[in-house]
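*Asks:* Sharing a structure here in structure tokens format.
The values are calculated or read from the model by the stated rules, or taken from the named source; none is laboratory data. Because the structure is a prediction, the values reported are computed rather than measured. Every residue, glycine among them, receives a Cβ derived from its backbone with ideal geometry; neighbour counts consider all protein chains shown.
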């Protein structure tokens, strides 16, 4: 993973290869402090991402108190129901340190609609975060993340964008 576990850091668990490409674009944005951003390999689906979180990251977060986890999934049109299922897997003592984000359907649908590469979409998301904006996140495929983003940004901004 390569992050300093004694310092505030963020780990991303991407559901699949498309979500990994989004994260790679995010990391590629010039202002991102990638040294404090750990990245798992694609989990192979949203349920396997949750399984990985349960098997590896509940213990990890309890041991490394400065760590945070983002589970990046496709909501597959399931919206609140999918988010609720994911949130049920997070123990109460970790709810403030685990975040579930993702596209309304799947990243490829967003890519087709805005005619950008997944990496470019990730970079646009990072630009918004660096500037403490949610303009890009207001897109119809992403707007369901705004409440979760409001929880995440105050924590992630100083970790990922220390100079911004």
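*Asks:* Quick test for you: out of 121, 155, pick the one residue that is under 20 Å from residue 11 (Cα atoms), at pLDDT 95 or above, assigned to a helix (DSSP H, G or I) and in contact with a strand residue (DSSP E or B) (Cβ under 7 Å, 6 or more places away or on another chain). It would help to see each step written out before you state the result.
*Replies:* Numbers: 121 fails: in contact with a strand residue (DSSP E or B) (Cβ under 7 Å, 6 or more places away or on another chain).
Checking each option against the conditions leaves just 155.
*Asks:* Mind listing just one residue for me: the one in the stretch 51-64 that is in contact with a helix residue (DSSP H, G or I) (Cβ under 9 Å, 6 or more places away or on another chain) and under 18 Å from residue 152 (Cβ atoms) and, of those, surrounded by the most Cβ atoms within 10 Å (Cβ to Cβ)?
*Replies:* Taking the stretch 51-64 as the starting set, the residues that turn out to be in contact with a helix residue (DSSP H, G or I) (Cβ under 9 Å, 6 or more places away or on another chain) are 53, 57-58, 61-62.
Filter once more, so that each one left must be under 18 Å from residue 152 (Cβ atoms): 53, 57, 61.
Details: 53: 24, 57: 21, 61: 21.
Only one residue fits best here, namely 53.
*Asks:* So which of 38, 2, 67, 44 ends up being on the phi > 0 side of the Ramachandran plot and touching a strand residue (DSSP E or B) at 6+ places or on another chain (Cβ under 8 Å)?
*Replies:* On the way: 38 fails: on the phi > 0 side of the Ramachandran plot; 67 fails: on the phi > 0 side of the Ramachandran plot; 44 fails: touching a strand residue (DSSP E or B) at 6+ places or on another chain (Cβ under 8 Å).
Only one candidate qualifies: 2.
*Asks:* Continuing with this model, one more query. Residues in the stretch 54-68: is at least one part of a strand (DSSP E or B) and touching a residue at least 60 places away in the same chain (Cβ under 8 Å)? Reasoning before the result, please.
*Replies:* Initially, the stretch 54-68 is screened for residues part of a strand (DSSP E or B), giving 67-68.
Then drop every residue that is not touching a residue at least 60 places away in the same chain (Cβ under 8 Å), which leaves 67-68.
Within the stretch 54-68 (the criterion being part of a strand (DSSP E or B) and touching a residue at least 60 places away in the same chain (Cβ under 8 Å)), the answer is yes, since at least one residue qualifies.
*Asks:* Another one. Which of the residues belonging to the stretch 73-96 are touching a strand residue (DSSP E or B) at 6+ places or on another chain (Cβ under 7 Å) and surrounded by fewer than 18 Cβ atoms within 10 Å (Cβ to Cβ)?
*Replies:* Within the stretch 73-96, just 87 meets the criteria.
*Asks:* Within the set of pairs 6+ apart or on separate chains, which have a first residue in the stretch 95-112 that is at positive phi and without any contact (Cβ under 8 Å) to a residue 60 or more places away in the chain, a second that is surrounded by 15 or more Cβ atoms within 10 Å (Cβ to Cβ) and in a helix (DSSP H, G or I), and C-beta atoms under 6 Å apart?
*Replies:* Correct list of pairs: empty, since none qualify.
*Asks:* Checking residue 80 against (1) modelled with pLDDT of 95 or more; (2) in a helix (DSSP H, G or I); (3) closer than 23 Å to residue 144 by Cβ, only one condition comes out false. Which one?
*Replies:* Going through (1) modelled with pLDDT of 95 or more; (2) in a helix (DSSP H, G or I); (3) closer than 23 Å to residue 144 by Cβ one by one, residue 80 breaks only (1).
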